[in-house]
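Have a look at the structure below, then the notes.
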Amino acid sequence: MLPLSLLNAAQNKPMLVELKNGETFNGHLVNCDNFMNITLREVYQTNSEGDRFWKLKECYIRGSTIKYLRVPDTLLDAVKEEQNRARDAGRGARGAFVSGGNRGGRGAPSRARGGRGGPMRGGRGRGRG
Amino acid sequence: MSFFGCQTIIWRTSGRGSETGGAHENEDVAVYTWGEESYDGLGDALLEGGDDLNDETFGGGGSVGKDFDFAGQTNLLEPEIAQGKASALEGARPQSVVEQHPRVQHSLESIWNDKSPFSVLPRENGAASRREPPMSQFSPFPESPVLHQPNASQGGPRTLQEIEVEMRAAAQRQQNALRLQQEEDQLLQEQAYQRRLAFQQEREREQNRLQMMQLREHSQHQRTPPPRMLPVSQSPRFVDQRQMMLLQQQEEHQHQLRLQQEHLQEQLRMEELERQLRAQQISQLNQGPTHFSHRRQPSGPTIAELQALQQQQHLRQRSQSPAYRDFNVAPQNSAQLQQRLLAELAQVEYMRDFQGATQAEQEALRAEAMRKIVEAERMEDKRRRKAAKIAHMSRYNDLMTQSDKDFITRIQVSQLVTPDPYADDFYAQVYGAILRSRMGLQTQDERVIKFGTGGGVGLGPNAMQRMEQQVERIVSNARRREEEKGLHSLHSLQGALGKTSGRSYKAAPRQLLQVDDPSTNEGAAKEAAKLSHETLGFAQTSNVVRKDPLTRREVLTILEGLYDVVLKVEQLRRDQPNSEDDEATREWQTEFDDMVEQLWDGLRVLVPLETSNPHPFVSLMAPSKGKKLLPRLTRHIGSSRMLTLITLLVACFTQLDVVRQAPVLDGPDDTAEYAEVDRQTQAFLGSVLQSILPVVAGLELHVVTALFGLLIDRSPDVADVARTRPGLALLTLFLSRVEVVKQAWASGAEAAPTAEAALEQWQAVFNHFFLLLTPHLLSLFPSSRINGASLAIDMLDQPVWQFLAALALQAVPEQHQVLVTSLREKVLENVLSANKGWVADEEERRTKLANVDLFLHALGLDSSLITV
């Protein structure tokens, strides 16, 4: 999973953003883009010394100024889960592909496979049977 | 179990040492321990008599009558007996699942020796005698009593009935007593006692019966029943109870077996460890530091090996993912440990016996072994905790797969890869330009720095450099051609220094230069003066405003402004648009010219000479910043303006800080002042002179003459100027230029129409200069001036020698004479010191000789010719 895709998955989740100048922003992610520019809502901003605080309803942060983002563990759990599921599903689908004839493309949608796999399956079934 | 027929019971309760026969308790089979020590052998000593009736007893002859119909007899007495039996059974049954009391007897015969107060064993015969009569009925030998005691038998039925009653009463009493006791016991003790009691009662009864039997038989032998026969009495009446007992015993036995096994295993481990320890010690004593593999023990790995194993595990722990391995290895290790320990049990015992260790030692070793076990457990514990922590920390690992990481890496690398690494590097470009300007083209042309043109051109930066060089060469050639073939040189200088303004020449012109040297050739001198005057221009008018010299602050401000403009100009140069695009080019050109004007104005070159002392331009050149700025600035200024600048510089030469402060350099060289002046001088020589050098190198003779004359005239004492390094450099520059021009004319490369006149002028000025300088020739040398022996004195002299060489080149023979006479001392001094080895090292010697040679070669001589 690439970092930007993780960020996209984190929409509407709370997160902490630290900038290169040391300021931290705690808020919920509204949106993000390919440059990692992000908009947050209900933001608590802290300066780099950690002694001044502001509350902002919404804010926009330029991606190039971000040092890092911290996301909640629940999101990571969910992502990990999804990854595992996808991997297993991919393995299953790929296994079926291999046995059903290599189509030269991985990750072909199951719908297509269902459509074309029927007669194939039948044929193969005969072979296997 | 017993290996090799030896005792294998390891631990026993202390109080029973004498009693035990070593047999396992709760064995459900009779254990014959004929070889045991507690066997007193009395059985063997027994003289058996009374075997007469054995046949009858054991059914050797005679018919089997109803005498043995116990069941029948039992049924007669059924209700009472059934009660008694039931109660007894009740007493027995609740005791089924019991853990046998630890104080229970180890062997069956020791029951009889039970000294506990709860025992109902008859300690005195009196207790038994009461029970004798009631037991008679159940004796298996009714015939014998009948036979042997007819009297009793006559009164038999009656007595029997009495006996019956008595028995029943006794039984009831017993039952009551039993119940009470049971209640008590259940309150206080475990049920093992009850069982034992019942058991004992049984035995009592049997014993009584037997005793009765014995009495009836008139048996005189106080025979203790064969120990093993009693409990396995064939009496069917007690079969159930017996079976219950057996079952319970079996359960107990199993349970205890388990317990014992655990104890045993621990013991085995300890023993094993002890043994290993001892073995290790022994082997160490025998063999010194032993390698673990060289073990004489027949057993498996020693403690040390185990420890080594553990250490290996530790190492593996640190190197790889510890948790995983740890979990796998540790339990295996303990299992292996246990197995090994169990396997070593017998050997442990064997070894112990052999080694005959004392109790105390054993204890100590055991304690040590215990400690080790505890420690091992703790280590395992720690490992487990660490593994858990690591697992917790790394629970979100591998969200990015390796392919993801490679993808990102590829993108990042692709951003870095370029065909020409110096394409975007400003400093590399400038560095290249500097190198090229030093090595490639000597001409001072604008180095155009172009960016982004690397793409589309093969061979990277070199190609760009080469192309630029070619372009510059073409341009400079064209320019030179134009200059030569174009306007007359004089015309080209027309108005170079600005317009004349104000008064005309004719009406008493304000003489700028006061040339009053009667010894010089008037004509030539005048002309020279005139020329210099001309070149300088009549910028001086009466309405010149005399100002204060620029303050340092003003100077710095102006310099900063100039720097800004220079940067803008340079940037403009880089952004020079395509020449095909007329519109943009025109725009650019206007902008560029504008900038250059700003530069020129900023330099204040055109400010009248008399404005201030020092002249503003001179003030601007005072900080090293200004000196360093000049070359950058002059790159963009046209050569005519450059000439103006040079003229100004020459005119105000003595105002220059480096010239004024030059005497400091003759003093001690460790002061801050010295350092500062030195720095400034270096900067001047490196920047300012360098920048005018190319211009001078392109000057015409008469211009040089004019400048030379100007310098002489403007300086109160030209010798002073010559004593300064900048001055010396400048003079040398001029002289060498003249020489070059002369040579060029002589070789006929460039013909000049005014050569004669110019030469004459030059010579005049030169002679003038020479005359001025001659008395001070020796003082030119820093070595003569400086009192202390400076380290690089010869290096300091070198420029002087160079100057003198240049001078000599220009000099006529008479002047040569003068030179030689004046410098003879110096020359000789150098040559002698070089030849005679008065010098410190080879370097110095060579330098001295070189210096001298410089001069002598100009004269057409050589140092080797001098023989002293």
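Per-structure values
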read-out: Ordering of B:645-656, B:718-729, B:815-826, B:548-559 by burial proxy (mean other Cβ atoms within 10 Å per residue, highest first); value: B:645-656, B:718-729, B:815-826, B:548-559
read-out: Chain lengthening between B:Q359 and B:V29 when straightened (0.36 nm per residue, less Cα-Cα); value: 115.4 nm
read-out: Highest to lowest packing among B:377-387, B:659-669, scored as the average C-beta count within 10 Å; value: B:659-669, B:377-387
read-out: Distance-filtered residues of region A:53-87 - backbone nitrogen under 14 Å, label point 7 angstrom along A:N31 Cα→Cβ; value: A:59-61
read-out: Estimated FRET transfer efficiency (B:K568, B:D404; beta-carbon r; R0 51 Å; 0.05); value: 0.60
read-out: FRET efficiency, B:H776 to B:S833 (Cβ-Cβ, R0 30 Å, nearest 0.05); value: 0.80
read-out: Extension gain from B:I786 to B:Q172, taking 0.36 nm per residue of separation minus the Cα-Cα distance; value: 206.4 nm
read-out: Loss of accessible area when B meets A, both sides summed, Å² nearest 100, probe 1.4 Å; value: 800 Å²
read-out: Pairwise FRET efficiency - A:D77 versus B:D594, Cβ, R0 = 56 Å, nearest 0.05; value: 0.25
read-out: Cβ neighbours within 10 Å from other chains - mean over B:397-404; value: 3
read-out: Whole-Hz ³J(HN,Hα) from phi, Karplus 6.51 cos²θ - 1.76 cosθ + 1.60, for region B:572-579, glycine and proline x; value: 4, 4, 5, 8, 4, x, 4, 5
read-out: Inter-label distance for B:S747 and B:L606, nm, one decimal - labels placed 7 Å from Cα along Cα-to-Cβ; value: 3.9 nm
read-out: Chain lengthening between B:R436 and B:R378 when straightened (0.36 nm per residue, less Cα-Cα); value: 13.4 nm
read-out: Lys/Arg +1, Asp/Glu -1 at C-beta; region B:565-605 dipole; positive extreme among B:Q571, B:Q589, B:W600; value: B:W600
read-out: Shape call, region B:656-720: gyration tensor on alpha carbons, a/c limit 1.5; value: oblate
read-out: Label-point separation, A:R91 to A:E49 (7 Å along Cα→Cβ), nm; value: 5.5 nm
read-out: By accessible area with a 1.4 Å probe, ligands and nucleic acids excluded, highest first: order of B:R845, A:R62; value: A:R62, B:R845
read-out: Sequence of B:R574, B:R466, B:R632 when ordered by accessible area, the most exposed leading, probe 1.4 angstrom; value: B:R466, B:R632, B:R574
read-out: Accessible carbon and sulfur surface of region B:546-603 relative to its total accessible area, %, 1.4 Å; value: 46 percent
read-out: Accessible surface ranking that places the most exposed of B:I637, B:I434, B:I373 first, with a 1.4 angstrom probe; value: B:I434, B:I373, B:I637
read-out: Spacing of the two label points (7 Å from each Cα toward its C-beta) at B:K485 and B:V413, in nm; value: 5.8 nm
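The values are calculated or read from the model by the stated rules, or taken from the named source; none is laboratory data. These figures come from a predicted structure and were not determined experimentally. Note: ideal-geometry Cβ built from the backbone for every residue, glycine included; neighbour counts use all protein chains shown. Note: accessible area is taken over every heavy atom of the protein model, side chains too, but ligands, DNA and RNA are not part of it. Shrake-Rupley method; radii C 1.70, N 1.55, O 1.52, S 1.80 Å.
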